[in-house]
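**Q** I have a structure here, written as structure tokens, and I will follow up with some questions on it.
Values quoted throughout were computed directly from the atomic coordinates according to the rules given, and no laboratory measurement underlies them. Small disclaimer: the values here were computed from a predicted structure and weren't measured. Virtual Cβ from ideal backbone geometry, glycine too; neighbours counted across all protein chains shown.
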Amino acid sequence: MKELPKAYCPKDFEEKIYNNWEEKKFFNPDTINNKGKAFSIVLPPPNVTGSLHLGHAAMLAIEDLMIRYKRMQGFDTLWLPGFDHAAIATQNVVEKKIFNDEGKTRHDLGREAFLNKVEDFVSQSKKTITNQTRKMGSSVDWSRETYTLDDVRSMAVRKVFKMMYDDGLVIRGNRIVNWCPRCHTTLADDEIEYKETKSKLYWLKYGPFVLATTRPETKLGDTAVAVNPKDKRYKSMIGKKYMIPGVLGEFEITVVADEAVDPEFGTGAVKVTPAHSLVDYEIAERNELPIKQIIDEDGRMMANCGKYVGMTSLEARESIVKDMKAMGLIEKIDDDYDNKISVCYRCKTVIEPLISDQWFIDVNKKITKKGNKYFSNGASLKQVAIKVVKDKEINIIPERFEKVYFHWMENLHNWCISRQIWFGHQIPVWYDKDLKQPIISDAKPTEIVLQRHGEAKTNEKGVLSSDIDNLENGLTGTGKKQIKIMAEKLKNEKFDIIYASDFSRTKETVGILNKELKLKVIFDERLREVGVGEFEGKSVGDFVHFREADFEAWRNDSPKGIESFLHQKKRVFSCLTDILKKYSGKKVLVVSHGDVLRMAQGMHKNLTDEEIFKLGYPETGENIKIKLTNVESPNGLENIYQDSDTLDTWFSSGLWTFSTLLPEDWNGKKFEGKDMKRFHPTTVMETGYDILFFWVARMILMTTYVKGEVPFENVYLHGLVRDKNGDKMSKSKPETAIDPLQAGDKYGFDAVRLSLLIGNTAGNDIRLYDEKIEGYRNFVNKLWNISRYILMTLNPEKRDSKFELNKNVSLSDRWILSKFNTLIQDVTKMLDEYNFSGAGDLLKEFTWNDLADWYLEIAKVENDKDVVLIHILKNLLKMWHPFMPFVTEAIWQNLGSEQELMVSKFPQFDKKMIDKEGVKEFEQLQVVIGKIRNMRSEYKIDPAKKIKIQIKAGERLQSQFGIIMSLARLEKIELVIEKPEKSATAIVSDVEIYLPLAELLDIDKEIERLKSEIDNSKKYVLGLEKKLGNEEFMKNAPELVVAEEQRKFNEAKEKIEKLQNQLEELE
RNA sequence: GGGUGCUUAGCUCAGCUGGUUAGAGCACUUCGUUUACACCGAAGGGGUCGAGGGUUCGAAUCCUUCAGCACCCACCA
């Protein structure tokens, strides 16, 4: 047996072990091929905003624990990883970064360049996160990794959007939304946070009313005053119109009655600004009031605000209040009114409610859907989402969150899903300039590489050639080289076909490319260069100058025989349209000329003619990649443009449990596939309670609708990881914030995992600090050393021996085997009940107390323990493996097994190992040893000194004298029948222990000790006596309880008597 | 305003459907180079289980009121 190092050093093992698992594809259920039931978890995809924090680490530890446990139990186990593009969050991070690095805004860069920057950032984030996930030991199936923005997931998004549109669930409307003037986008109701502030409450003189408001500037948008219908003060005024004096002259309002008004607040009358308050908007809707918008999307006063135009609402407030004061329109101002203002959850900017044309999901609309059990009789999204949890089709752990879920779901308003940001799924809606109805398309975009021909002889000379007859214009040497290089690059991309202009320079380019690509080519004259008319053969500069001088003239007409811009555009667009129709979802290489490629880009970016004309195009031999969608429009493609908004990030993550299970070559028709059948609904959704609404609720809404299935059967919600003081960890408090990677490097990732698993219960926050992780690091090392000792003393021949229970086992064997099997039973039960902490506690207690402190110590004196030891060690490692995969696997490697621990079978409870008598007997032995140790300590006997004691005991205990001598460090045990004279005494039920006084101690101390023990026991007996004397107790308590109390009473009584005798003798 | 959770040893927490002389880890005290481990071992000190009331033979555990802390939700302008 090779010598193991004294202390476990995680760094020597962790990476190697993980790589080995991965190389053997153990994370992939197809390799493992377990025949059991499916057990699947889809990993909550981390946002690609940077790196993982402790919350993620906890998530990874808990899920890996479940997955490894189930995998070892033979379940067909899948843990599927992925990433979330996290639209607003990621865009904000990148925006901030660009602004800090380059001082530029996203608008300075433009959509395309900005998105490129985002993609760079995203791929960097993905790398970091992947690396961190691996370090934690997560056994996720990397071969199934997905991303919310990848092709299949994007197609799923478009497909669901169209389905919902067709069912009338996705609607467009001009409604009030939460608007963040900084992010320049709408926000869903739950993306708003509330901030407690002191603000001013203004009491305005308002025509015949006096009313209170915190936002006097919105007076400019008022169209009504609302009062409670029951309020007698205003009854006579309801329905009447009044002219109200204001800073911009008089305006008319209507008085309406509405239940939403609290007559107790202020004067009981409310000014109504429908365009800039959620409540007022609803009042306006109910009472059919006019809506007047006065604040724009930058949060500034609009043109209809007279001299206040252009001010922010805050500036306008000050200014208007000043003017109103001057006009005597302000009655009074309360200075410290407690108010909650709504702010953006991402950037904390104050939200400006305003009216906007947006896309919504109607959660209340009842629909009927064939083939979907939830909707077959008509139901709304909301109703179904409530029903599946009520019916326990989805089980939430801990249960109390069900209540929270129901409350939220019942109060859910229509969900605004459009966002005015660039990063995300662009809404799959196109508008035709001539049509009122939008066109929804779930078609798969065609990927097009726009390849410009190599340098031609005319390029070299700087002259023009657009005459089809002038076919002699081939490529220069440089041009041929350019294309050869490009062919090398393109040969790895899987194109379906080449479309090309039929000019000689493009034909020659295609020829060179196709030596590598070997594809079908279609030469299409619609891809030709613009006809240059009388500029044929003339200098390029002249032509450019001519066009730039008067773009408008050239756009429609064809002076000097030059083909007009629109004419060319029409033929190019029609060619592209044909390509899109025939090759939807495919990849096409288009070889053409600069100005043609420029138009294709214009189509891709939905630009105006002017903008197209100003666009650059690839250099000779270079290319650009674009994606275009085939949208059926009566007017053809050139008339159509796509909605520039993107979808709320939760739309795509709402599909996550099933969109991730779609096959890589999904045809976009049905949401089905092999993995889907095998793993959906997923078994457990494990995530933080903080995204119960954001995410969990959305998945339930979307999945029941799309699949007619629940997304998951169980929801396990973990808490937040907090610092030592119970505060949220943040980078601004580095003294208490812990980075999981750094902690792992310092203490090992097993220790980090344990510190997050043990002491962490569902739904509750967990505190983490260095000392805690350190404690678990110590434990990991303890386990290492237990194994090390067993391996060092083991007879190598017995290493692979199979354990079988036989009659030769000793008391200690019977005890440890019984204890161990109880442990298997309890741990299995607890893990099945999601009580990970409890299971870990039990394992730890067994490992440290029973195994290390007792059994191993006994193994040092008793012989023939090898077989039991190796049996227990192996199975204990299996049970520990899901908690701390690295160290257990590292030890396992030294046990000479062929197969890795990770793919071994989880131990099973074996009833015949349970030995209650043995356990009881051994426990008495433990107490006896404890008493002797205690006496030694009390009398300050040198631990090294071996002493003699006398014991009065039965045969059974006599057989264990060897163990007692060793563990209590005795020189000799003398068996006595009668109590010897002058000795210190301890009593353990029927066993009496005597420590001869002669050599050792002072009698006074022993008297004191005895007195105090008698005292204690007397108190105990008194309590029991009272209990047993209570008639009601004797009558009502179960027999078993009474008997046990009686037994305790007798035993204690006897003990007191003996101690009393001893005391008398000494005194 | 509504709701949820928490309050047990100095600190962090277990104690499930009521019956142990109330537990663990860390910290603390004393002792210890026993050939697995000082990232260790042995022994020990320390809690009227937030407060009051109730149910019960019996309450840390169930009910109720209150207090403190934390979090979530809500359209008091």
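**Q** Please work out the Kirkwood hydrodynamic radius for the range A:39-135, using every pair of different C-alpha atoms, and report it in angstroms with one decimal place.
**A** 15.1
**Q** Give me the log10 of I(q) over I(0) for the range A:905-983 at q = 0.18, 0.20, 0.26 Å⁻¹, as the Debye formula computes it from C-alpha points; what are the numbers?
**A** -0.80, -0.93, -1.35
**Q** Once the piece of chain linking A:GLU974 and A:GLU282 is laid out straight, how much longer is it, given 0.36 nm per residue of separation minus the C-alpha distance between them?
**A** 239.9 nm
**Q** Let's test the formula: R0 of 41 Å, r as the Cβ-Cβ distance of A:PHE523 and A:ASP550. What FRET efficiency results, to the nearest 0.05?
**A** 0.80
**Q** log10 I(q)/I(0), Debye, Cα-only the range A:662-757, no solvent, q = 0.17, 0.19 Å⁻¹?
**A** -0.89, -0.96
**Q** Work out the FRET efficiency for A:LYS538 and A:GLU610 from their Cβ-Cβ distance, taking R0 = 22 Å, and round it to the nearest 0.05.
**A** Efficiency at R0 = 22 Å is approximately 0.30.
**Q** So for the pair A:GLU857, A:SER937, with labels modelled 7 Å out along Cα→Cβ, what separation do we get in nm?
**A** Inter-label distance under the simple model: 1.1 nm.
**Q** Taking each pair of distinct Cα atoms in the range A:744-838 once, what is the resulting Kirkwood hydrodynamic radius in Å?
**A** Every distinct Cα pair counted, the radius reaches 16.4 Å.
**Q** How long is the gain from A:VAL210 to A:ASP12 if the chain were fully straight, where each residue apart is worth 0.36 nm and the alpha carbon distance is subtracted?
**A** Length difference between fully extended and current span is 63.6 nm.
**Q** Sequence-distant or interchain residues sharing an amide H contact under 5 Å with A:LEU78, placed H: which?
**A** Here the answer is A:PHE39, A:SER40, A:ILE41, since their amide H atoms fall under 5 Å of that of A:LEU78.
**Q** Would you mind putting A:229-235, A:71-77, A:811-817 in packing order, based on average other-beta-carbon counts within 10 Å, highest first?
**A** A:811-817, A:71-77, A:229-235
**Q** On average, how much area does the Cα convex hull of the range A:937-999 cover when viewed from any direction, in nm²?
**A** Averaged projected hull area, Cα only: 4.3 nm².
**Q** In Å, what Rg and Dmax follow from the Cα atoms of chain A?
**A** When restricted to Cα atoms, chain A yields Rg and Dmax of 39.8, 134 Å.
**Q** Also, I was wondering about something else. Return the calculated 222 nm mean residue ellipticity for chain A, to the nearest 500 deg cm²/dmol, obtained by summing -39500 (n - 2.57) across DSSP H runs with n ≥ 4 and dividing by the residue count.
**A** Mean residue ellipticity at 222 nm (helix-derived): -13000 deg cm²/dmol.
**Q** Also, I was wondering about something else. Suppose the chain between A:GLU393 and A:ASN849 were pulled fully straight at 0.36 nm per residue; how much longer would it get relative to their current alpha carbon spacing?
**A** 160.0 nm
**Q** Now for a separate question. Taking the inverse of the average 1/r across all pairs of different Cα atoms in the range A:373-461, what Kirkwood radius in Å do you get?
**A** Computed over Cα pairs of the range A:373-461, the Kirkwood hydrodynamic radius comes out at 19.1 Å.
**Q** Remind me, what semi-axes does the range A:310-374 give for its equivalent ellipsoid, largest first in whole Å, using sqrt of 5 times each Cα gyration tensor eigenvalue?
**A** The three semi-axes for the range A:310-374 are 44, 15, 14 Å.
**Q** Given R₀ = 56 Å, FRET efficiency for A:LEU1022-A:GLU833 by Cβ-Cβ distance, to 0.05?
**A** E(calc), rounded to 0.05, equals 0.90.
**Q** Continuing with this model, one more query. ³J(HN,Hα) across the range A:975-987 via Karplus (A = 6.51, B = -1.76, C = 1.60, θ = phi - 60°), whole Hz, x for Gly/Pro?
**A** Once rounded to whole Hz, the list reads 7, 10, 9, 9, 5, x, 7, 6, 8, 7, 10, 9, 10.
**Q** Can you compute the label reach from A:SER732? Point 7 Å from Cα along the Cβ direction, backbone N cut-off under 18 Å, restricted to the range A:322-351.
**A** A:343-350
**Q** What translational D, rounded to a whole number of µm²/s, comes out for the range A:587-646 from Stokes-Einstein when the hydrodynamic radius is the Kirkwood one over Cα pairs, at 10 °C and 1.306 mPa s?
**A** The diffusion coefficient I find is 125 µm²/s.
**Q** Pull out a ≥ b ≥ c, the square roots of the eigenvalues of the alpha-carbon gyration tensor of the range A:1028-1067, then state rounded if a/c is under 1.5, prolate if not and a/b is larger than b/c, and oblate in the remaining case.
**A** Prolate shape, in that a/c is at least 1.5 and a/b is the bigger ratio.
**Q** Starting from the 7 Å offset along Cα-to-Cβ, what nm value, one decimal, do you get for the label separation of A:LYS365 and A:VAL1042?
**A** If labels sit at A:LYS365 and A:VAL1042, their model points lie 7.1 nm apart.
**Q** I'd like the per residue volume of the convex hull spanned by the Cα atoms of the range A:476-605, given in cubic angstrom.
**A** Taking only Cα atoms, the range A:476-605 has a hull volume of 119 Å³ per residue.
**Q** Report P(r) for the range A:856-912: all Cα-Cα distances, bin width 10 Å, range 0 to the bin holding the largest distance, values in whole percent.
**A** Percent of pairs per bin, in order: 21, 47, 29, 3.
**Q** Convert each backbone phi in the range A:666-678 into a coupling constant with the Karplus relation 6.51 cos²θ - 1.76 cosθ + 1.60 (shift: θ = phi - 60°), then list the ³J(HN,Hα) values in order as whole Hz, x for Gly and Pro.
**A** Using θ = phi - 60°, the values come out as 4, 8, x, 8, 10, 7, 9, x, 4, 5, 4, 5, 6 Hz.
**Q** Oh, and also: I'd like the orientation of helix A:151-166 relative to chain A: the angle between its Cα long axis and the longest Cα principal axis, in ° from 0 to 90, rounded to 10.
**A** 70
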